[in-house]
1. Most exposed first by the Cβ proxy, i.e. fewest other Cβ within 10 Å, how do A:Asp193, A:Asp333, B:Asp31 rank?
2. Under 1.5 on a/c is rounded, so check that first for the protein assembly as shown, then, if it is not, pick prolate when a/b is larger than b/c and oblate when it is not; a ≥ b ≥ c are the square roots of the alpha carbon gyration tensor eigenvalues.
3. For chain A, with a Gaussian network of springs between Cα atoms less than 10 Å apart, report the residue from A:Tyr316, A:Tyr172, A:Tyr131 with the top mean-square fluctuation.
4. Please compute, for peptide B:274-284, the average count of beta-carbon atoms on other protein chains lying within 10 Å of each residue's beta-carbon.
5. Spin-label point model (7 Å from Cα, Cβ direction): what's the B:Thr126 to A:Glu227 distance in nm?
6. Classify the stretch B:2-113 as rounded, prolate or oblate from the Cα gyration tensor: take a ≥ b ≥ c as the square roots of its eigenvalues, call it rounded if a/c is under 1.5, otherwise prolate when a/b beats b/c and oblate if not.
7. Cα centroid distance between the stretch B:54-80 and the stretch A:3-65, in Å?
8. Ignore the peptide's own chain and count Cβ atoms of other chains within 10 Å of each Cβ in B:386-394; give me the average, rounded.
Amino acid sequence: MNNIVKRYIPQILVILFVVLIFGFLTLNAQTNMDNRGIDFGFGFLSQESSFDVQFSLIEYSGSDSYARAFLVGLLNTLLVSFISIIICTILGVVIGVARLSSNYLIKNSAAWYVEFFRNIPLLLQIFFWYYAALRALPMPEKANAWFGVTYMTVKGYYIPSMVWQNLNIFLYSGLAAIIAIIVLRYYANNLRDTKGKQIPVLLYSAALLIVLPLLSFLFGGVSLEFEIPELKKLSKISYIYEGGISLPPELIALVLALSLYTSTFVAECVRAGIEGVSKGQKEAAASVGLTPNQVLKLVIMPQALRIIIPPTTNQYLNLTKNSSLAAAIAYPDLVLVFAGTALMQTGKAIEIVSITMLTYLTISLTIAAIMNWYNKKIEIKEK
Amino acid sequence: MQILNFLKPNRDNIKNYSIIGSFLVLVSLIDVISNAFLKINLTFFLPGSLTTLFPLIIGLIGLNMMRIDYSGNKKLDLLNKNINTNNFNALLTLVILFSIIKALPQSLSWMIFDATISGDSKDACTGTGACWTYIKVWFRRFMYGMYPNEFHWRINTAFILVIALGFVGYFMKENLKKYLALYYVIIYPVIAYLVIYYLISGGSFGLQWVETGAWGGLSLTFIVSFFCLIFCFPLGMIFALGRRSNLPAIKYISICYIEFWRGVPLITVLFMSSVMFPMFLPEDFFMDKLVRVIIAITLFEAAYCAEVIRGGLQSLPRGQYDAAKSLGMGYWKMHIFVILPQALKLVIPGIANTFLALVKDTPLIFVVGLAELAGMLALAKTNPKWLGFAMEGYIFASIIFWIICYAMSKYSYNLEAKYKTER
């Protein structure tokens, strides 16, 4: 009896407490909305949004619905996260490896890089790039070409766009190359296991990846042209580049700040991962006669990755969540387009803020679930 | 790199080789330095691209000539071991050295030699360097926001009082030490709140009322992070215990809470506190914006705190629980006297990191219109009398935040090292 009381009373009290809080809040919201004449509902999503978005990956204009505006914002968020994740991974791996270098200068430069970018609030870094650094760039008419065809100006970064003919054949050839590589790997593994013969899989794979798409250019009728941005005079003093792709300065500032900031955390993960593999593993592998490359590939990396990947994914998630700071410099991401402009226009605070939060929550929880599954899979199974 | 082999020294001729090698490195350094500082190109007779590569090539040959496994000369061995283990390392060494030398004169002259600090208006800044006058004139605004100038002593006094009260634990008598946790978790926050309320807000004791809208600058950053810090810790502890509980209702409510806050960005939480939260309050109940923001950040950081504390709870060996239970301790006794003291000691570095993240997150309150340091910078930047000094402002703010955060992270490393040895 005593046990049952101890077990159920606290639970009932807690549930009651939570229910009461939610009930109280809902009741207040109900009365408040009744008083102000606001009704709750998601019908506004299909209404015409009648605002414009500066930068969009899909066709969008003011006559489209709020739901489409939401999609525009979501895609912009994903775009900036995707680019930043790629850059921060490359930077992070380089810096993380550099921190373990035996070279005093490299080790310390890398350490200072980490200390420097990690300890300045991200928002300040975004502001610095956007309001200070990128504003110092030249006007379009005075810009020098980078790599001959791209222009970094105060109005954004202009890069050539690709004009494809028969793009699908090119993609098929790439797909064929990947399939061929998988078959090759399988065959090579088989050969190694049965006959003990080694073939340079990496070299063959690289060759396949280059040769097959090249063939598609020669025989498949695929052609690629670059549309290079050209300077055009709008009025007496106003110039602009036409053609190609223009990346707005907001996007550049955001990518720079996010990737530099997150790369420091990725670097720490990489360092911890490589340091986490015990020295004995390396020595044992070398003593069985593996070459240094094989030691790295077959012994060190699989173990280091096991330590590196979970915290790094966490950093990617943080990056995606941090990309919401875009709102501070008016990059049209999910928060700015939806929780900013759309909320202003419709006044549907509860609906819009909940949708925005749920979107981020869904992204986070999905990736977290995948990570949990992956961690379970790669866990070392001790007997 | 086989070609360079004839340049390899051996034990016998290392002396000559190292002299020639260091001479070559010296030449390359002199070339770069004269190029960067004096704008003199010593290698003007070489064709364009070779001029820029000249110091690199000369330096590489020099370092290659000095490289030897063991020479007996301590300094040379130290040099070889640290920056000159192979050609790739030597190249990186030179590239880093040269880029530092190349960047120095520009940044130094911008930040120090050509910079202005005298005067008190924009006209003083005529040079090509930074305009620190801007920072000097706006300094009080950056520190105290729109808080009236004549009352700044109130903020200072309040901060000194709060910090002094925080150190009480160090001077407490031995027999009172058992109440330390009680003091920090309950009494201290209340006193700190009263101090800040009566001194900074004013309104009584003859102090003029200053509304929170006027608060700002770095002092607001401190106020927000201080309150979030002291509130999120106990809250995090509750949810950590809740998540480890074997009562399903409590466990799942805690999990939902933690996962929800960890899954959303802080900026949406702040949006929620400013536009959505007022809808959920009783009609004529007014809650100050600053209070709402502090609540929002506290709830948010408590989830992160909870996860860190849970890590500590999980890493305690089961024996501790069993031993406590076998002594006949109940749930609360066991946790208060046995589990939590050990677990909290373990997670101090993690908690310090969470607090560091909290401090770095406070500038975000700018998006709901509270002008702390980043917000004041944005205001100052758009002031028509002071246009065009964004760079100086952000560098100033970055330096301040960097010092705070770096000190905190170093402190957490120290704590980590300290508690590692004790176990």
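Nothing in this text is a laboratory measurement; each read-out follows from the coordinates by a stated rule. Everything quoted here is computed from the prediction, not taken from an experiment. Every residue, glycine as well, gets a Cβ built from its backbone with ideal geometry; the counts of neighbours run over all protein chains shown.
1. Details: A:Asp193 9, A:Asp333 29, B:Asp31 21.
Ordered by Cβ neighbours within 10 Å, fewest first: A:Asp193, B:Asp31, A:Asp333.
2. Working: a/c = 1.39, a/b = 1.30, b/c = 1.07.
Verdict is rounded for the protein assembly as shown.
3. Looking only at A:Tyr316, A:Tyr172, A:Tyr131, the largest GNM fluctuation is found for A:Tyr172.
4. Values: counts 2, 8, 10, 3, 4, 12, 10, 5, 5, 5, 0.
Rounded to a whole number, the mean comes out at 6.
5. The answer from the label model is 5.1 nm.
6. Details: a/c = 2.46, a/b = 1.72, b/c = 1.43.
Because a/c hits 1.5 or more and a/b exceeds b/c, the stretch B:2-113 counts as prolate.
7. 68
8. On the way: counts 0, 0, 1, 1, 8, 6, 1, 5, 11.
If you average over the peptide's residues, the count of other-chain Cβ atoms is 4.
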